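> Dropping the structure in here first, questions after.
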Amino acid sequence: CFYDTQCVDLTYNHLVTGNQGAAAYATGGAQVILFQAQVHHNSVASGATFGSIVHADGAETIVQLQSVAMADNTVADTLMEGTNNGYVRAGFVSGGGNAYTCGGSSCPARPIVLSGGATADLYSSAFYPNGPVLAGANGELLNTANCLMLSDATNLPAGAFYVVADPQFVDVANSDLHL
């Protein structure tokens, strides 16, 4: 964060039961905005088959992330998730050093998963390493993917602007995702 006193710090949250939104969960038309946030060391219940760190569920539900660092989150299968027509908008987000788990087994580093008609836009963000950018159960795709740095560009929409490269985060082991 540019100014530590102005940052949102969502750390060390753990879902004891359930699996969605260990750091933030929005539903029922709610809007959650995370600006200049650190989302670190959050985890989903260990018995959960799937899970997310930030989740938008339901029509007119919006989760927006801007200038967010997501590191050292564990057990979840994705950092951001949209379900049932939820909407995720992320800009200037960095994701690295997260441990992705699907029902007790390691799974691909998916920064975002969409299902049930959910939509998302990703701008000016770096996720490394990452598996497919999203895994839509019903073929959902990102609306926009612009100015991304990734290790895997699978499933990006036509016209997406991205670079496949290592962003060389300063110190992923200590949650420092500065470039």
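The values are calculated or read from the model by the stated rules, or taken from the named source; none is laboratory data. As the structure is a prediction and not an experimental result, all values here were calculated from the model. Glycine also receives a Cβ, built like all others from the backbone with ideal geometry; neighbour counts cover every protein chain displayed. Only protein heavy atoms, including side chains, enter the accessible area calculation; ligands, DNA and RNA are left aside. Shrake-Rupley method; radii C 1.70, N 1.55, O 1.52, S 1.80 Å.
> For ALA173, are the conditions met, namely being open to solvent by 40 Å² or more (accessible area, probe 1.4 Å), closer than 28 Å to THR49 by Cα, out of contact with any helix residue (DSSP H, G or I) (no Cβ under 8 Å at 6 or more places or on another chain) and not in a strand (DSSP E or B)?
In short, yes.
> Next up: Checking the condition assigned to a loop (DSSP other than H, G, I, E, B) and open to solvent by 40 Å² or more (accessible area, probe 1.4 Å), which residue from ASN146, ASN130, ASN155 passes?
Only one candidate qualifies: ASN155.
> Considering only residues of the range 30-53 that are out of contact with any Cys (no Cβ under 8 Å at 6 or more places or on another chain), of a type outside the set (Gly, Ala, Ser) and under 21 Å from TYR100 (Cα atoms), which is surrounded by the fewest Cβ atoms within 10 Å (Cβ to Cβ)?
HIS41
> Does GLY91 satisfy the condition of being buried (at least 24 other Cβ atoms within 10 Å of the Cβ) and closer than 23 Å to PHE35 by Cα?
The answer is no for GLY91.
> If a residue must be surrounded by fewer than 15 Cβ atoms within 10 Å (Cβ to Cβ) and of a type in the set (Phe, Trp, Tyr), how many such residues does the range 158-167 contain?
Going through the range 158-167 one residue at a time, the tally reaches 1.
> Go over the candidates ALA69, ALA56, ALA26 one by one and state the one that is open to solvent by 10 Å² or more (accessible area, probe 1.4 Å), touching a residue at least 60 places away in the same chain (Cβ under 8 Å) and assigned to a strand (DSSP E or B).
Sole residue among the options that is open to solvent by 10 Å² or more (accessible area, probe 1.4 Å), touching a residue at least 60 places away in the same chain (Cβ under 8 Å) and assigned to a strand (DSSP E or B): ALA69.
> To continue, here is another question. Which ones in the range 83-100 are of a type in the set (S, T, N, Q) and over 26 Å from ALA165 (Cβ atoms)?
Scanning the range 83-100 gives THR83, ASN84, ASN85.
> State the number of residues belonging to the range 99-126 that are touching a Gly at 6+ places or on another chain (Cβ under 6 Å) and of a type in the set (D, E, K, R).
1
> Another question, then. If LEU122 satisfies all but one of (1) outside any loop (DSSP other than H, G, I, E, B); (2) among the hydrophobic types (A, V, I, L, M, F, W, C); (3) open to solvent by 60 Å² or more (accessible area, probe 1.4 Å), what's the number of the condition it fails?
In the conditions (1) outside any loop (DSSP other than H, G, I, E, B); (2) among the hydrophobic types (A, V, I, L, M, F, W, C); (3) open to solvent by 60 Å² or more (accessible area, probe 1.4 Å), LEU122 misses (3) alone.
> When you go through THR78, THR101 one by one, which is the residue that is closer than 24 Å to HIS41 by Cβ and modelled with pLDDT under 90?
Answer to the selection: THR101.
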